[in-house]
Amino acid sequence: MATVERTQMSGPVEYAASIAAPREWINETSVLITAPFPSARTGVTPSFLATCEDLSSDLQGATSENMATFANRYAERLKRGYAGFELATDMAQSGKTGLWEITFHCEVEGFAITQWITLSALNNGRALVTTAGAGREDFPALVNIFYNMRKSLNFS
């Protein structure tokens, strides 16, 4: 696996936005960051997506048991939703952070893809979900970039 030094990160890209909306509307904010062009080797454009998802009514409260259940349900949805789904690593919880990680291979529109998904609880009955993806052959060289992007994410 190639190592990408932190110095290759350009620093935070900050965007602030506000919008007036009816009080009962739900914030469905998502952030998508992509490489400027597809990989010459795989034809896949590396990307990083952050979204928030509601926890189901039976999983309210940011307990480790609820997040484990959420992560397992999420993995089951992935298995049903992607052709050629194959776990690349066992689903795991990262230490004391409560962050769940799922890394898998799949086929999307004929391309061999690897995705790294992280799931973590937010304080409002929602979960922060990040998805980093790239061509299967490109992914190992991008792991540290994706990790640093996730580490730097400030989602409020």
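The values are calculated or read from the model by the stated rules, or taken from the named source; none is laboratory data. Because the structure is predicted, anything quoted here is derived from the model rather than measured. Neighbour counts are summed over all protein chains in view; Cβ atoms, including those assigned to glycine, are modelled from backbone coordinates with ideal geometry.
If you check A92, A35, A83, A68 for being modelled with pLDDT of 85 or more, surrounded by 12 or more Cβ atoms within 10 Å (Cβ to Cβ) and closer than 29 Å to E137 by Cβ, only one passes: A35.
Going through (1) in a loop (DSSP other than H, G, I, E, B); (2) under 30 Å from V108 (Cα atoms) one by one, S18 falls short only on (2). Residue count for region 64-80, restricted to those that are farther than 19 Å from H105 by Cα and free of Cβ contacts under 8 Å to residues at least 24 places away in the same chain: 2. With respect to being among the charged types (D, E, K, R) and either in contact with a helix residue (DSSP H, G or I) (Cβ under 6 Å, 6 or more places away or on another chain) or touching a residue at least 60 places away in the same chain (Cβ under 8 Å) (or both), R136 fits the description. Mind listing whichever residues of region 94-127 are part of a loop (DSSP other than H, G, I, E, B) and either under 15 Å from the mean Cα position of the chain (by Cα) or charged (D, E, K, R) (or both)? Hits for region 94-127 are G98, E109, L122.
Quick check on region 99-119. Is at least one of its residues farther than 26 Å from A35 by Cα and either surrounded by 16 or more Cβ atoms within 10 Å (Cβ to Cβ) or of a type in the set (D, E, K, R) (or both)?
No: region 99-119 contains no residue that is farther than 26 Å from A35 by Cα and either surrounded by 16 or more Cβ atoms within 10 Å (Cβ to Cβ) or of a type in the set (D, E, K, R) (or both).
Note on region 73-93: residues that are in a helix (DSSP H, G or I) and touching a strand residue (DSSP E or B) at 6+ places or on another chain (Cβ under 9 Å) amount to 5.
Here P140 passes the criteria (1) within 22 Å of F37 (Cβ to Cβ); (2) part of a strand (DSSP E or B) except the one numbered (2). Screening G98 against (1) closer than 24 Å to L55 by Cβ; (2) at pLDDT 95 or above leaves a single unmet condition, (2). Any residue at all in region 41-60 that is among the small types (G, A, S) and part of a helix (DSSP H, G or I)? Looking through region 41-60, at least one residue is among the small types (G, A, S) and part of a helix (DSSP H, G or I).
Conditions tested, residue by residue: (1) within 16 Å of T131 (Cα to Cα); (2) of a type in the set (A, V, I, L, M); (3) in contact with a Ser or Thr (Cβ under 7 Å, 6 or more places away or on another chain).
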{"residue": "I26", "(1), (2), (3)": "no, yes, no"}
{"residue": "L32", "(1), (2), (3)": "yes, yes, yes"}
{"residue": "G43", "(1), (2), (3)": "no, no, no"}
{"residue": "G61", "(1), (2), (3)": "no, no, no"}
{"residue": "Y74", "(1), (2), (3)": "yes, no, no"}
{"residue": "D90", "(1), (2), (3)": "no, no, no"}
{"residue": "L99", "(1), (2), (3)": "yes, yes, yes"}
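Let me spell it out: the conditions are (1) touching a Phe, Trp or Tyr at 6+ places or on another chain (Cβ under 7 Å); (2) more than 23 Å from S39 (Cβ to Cβ); (3) of a type outside the set (S, T, N, Q), and R126 meets all of them except one. Which number is the exception? Unmet for R126, out of (1) touching a Phe, Trp or Tyr at 6+ places or on another chain (Cβ under 7 Å); (2) more than 23 Å from S39 (Cβ to Cβ); (3) of a type outside the set (S, T, N, Q): (1).
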